[in-house]
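What follows is a single structure, written as structure tokens, with notes after it.
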Amino acid sequence: MKKKELIQLIKTKSNEVEIKNFSNSILERVRNLPQREVIEAPKRAFRLKPILFVALGTLASVLLIMVLYNPASPIIPTDPITPTLENMDEVIALSSVSTASLIESFDNELTSDSIYQLKFGDDQEDTQRINDEIVDVTKYMETIEKLFASQSDFGIEKEDISTGGFTNRMRFKTKDLLGQEADYKFDYNQTALSNPKHFNLDGVLEIGNKSYMITGTALSDQDQLTLKAEKDESNYILIHYELIDDIHQFTVETVKDGESIQKVQFELEQSETEKKIKLQFIEGESIGSYEFQIEENDNVKIVKANYRIMLNDEEEQGEFILRVISIQNTTTYSILIKPNGKPPFTITQGRVMTERRPRVQTSLENVNL
């Protein structure tokens, strides 16, 4: 069979076969299938992460500085930093109060003639030892009174002056347990040291009709202050202040004839509701420690203290209760001593505030430093 005839035969046979059309059936099935929801994926937006944003901002700032910086341009100096006492005003006021009261005690040494025993314990020697301690404690009672009774900021007011060679003036007030006020005025100069937060100060402290020359050094960035009041090179009061763990600590040294005769440490701890004062004798004949608190009964303020004193190599402990007694314009301290395990006894001690103390010939007033 020829090729042409074979092709013709295949066409003839294929036409004889019937192929069914399934297209309509397929479309019908598709239409009956369950419909599916098509969710388009959101398009990605270009966003900077916060840390990348900060990094790019910093980089831009650096580039801007590099572009604008001109090495040939002169550097314009800023104004010098003026030392300030703003953060130490209360410290200066408190230190000045302590200095003034101790200066007066320095020149008006209390003697045994001004102490009266109203009742003695069984051990005369121990009683006398405690008695001697109380003499020293009362030298610091003016400061303790004014710490307890005065405002925390002492009502400080400051102003610039040009009087007596001084450029600064600070005024403040104190109050004692009887509610009597005293006005203080401190005119001074301050001189910056190499560190602008360190400076010296010198001036005149006035209280009542008395005046005292004061010098000092302040380290405001270290919360430290040292004040000195001299009678002469061999006789002076030195007060060092430091803030330690939120406790105001004062170390007070009395130097007489070139020798340190006594050194004590004050610690003042105060909150919005109460104040606590600790007095510790460090050097000298007295060796006791006292922790003071103030109480008020029937509008009368009294000072209480727990004390510790070494007697005959044994520690004497007890309670110290002080009241201010005022009779015919004369005030005294009435002090009840209650030794643990021993009968209590009472002593009285003269009390005169600095501003009302009589002037004496040997006072530390108007001295040349």
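The values are calculated or read from the model by the stated rules, or taken from the named source; none is laboratory data. Not measured: the values here are computed from a predicted model. No Cβ is skipped: glycine too gets one built from the backbone with ideal geometry, and neighbour counts run over all protein chains shown. For the accessible areas, the whole protein counts, side chains as well, though only heavy atoms, and no ligand, DNA or RNA atoms are used. Shrake-Rupley method; radii C 1.70, N 1.55, O 1.52, S 1.80 Å.
Brief remarks follow.
- Accessible carbon and sulfur surface of region 220-369 relative to its total accessible area, %, 1.4 Å: 40
- Modelled label positions at THR330 and LYS158, each set 7 Å beyond Cα in the direction of Cβ, lie 4.4 nm from each other.
- Theoretical FRET efficiency, 1/(1+(r/R0)^6), r = Cβ-Cβ of ASP257 and ASP298, R0 56 Å, to 0.05: 0.75
- Calculated FRET value between GLU274 and ASP132, using beta carbons and R₀ = 25 Å, to 0.05: 0.25
- In this structure, the amide hydrogen of PHE292, modeled 1.01 Å from its nitrogen in the peptide plane, lies closer than 5 angstrom to those of ILE277, LYS278, LEU279, counting only residues at least 5 positions away or on a different chain.
- When each of LYS256/LYS301; LYS256/LYS342; LYS146/LYS228; LYS263/LYS301; LYS231/LYS304; LYS158/LYS304 is checked by Cα-Cα distance, pairs over 32 Å: LYS256/LYS301; LYS256/LYS342; LYS231/LYS304; LYS158/LYS304
- Segments 146-154, 164-172, 298-306 sorted - mean Cβ within 10 Å per residue, highest first: 146-154, 164-172, 298-306
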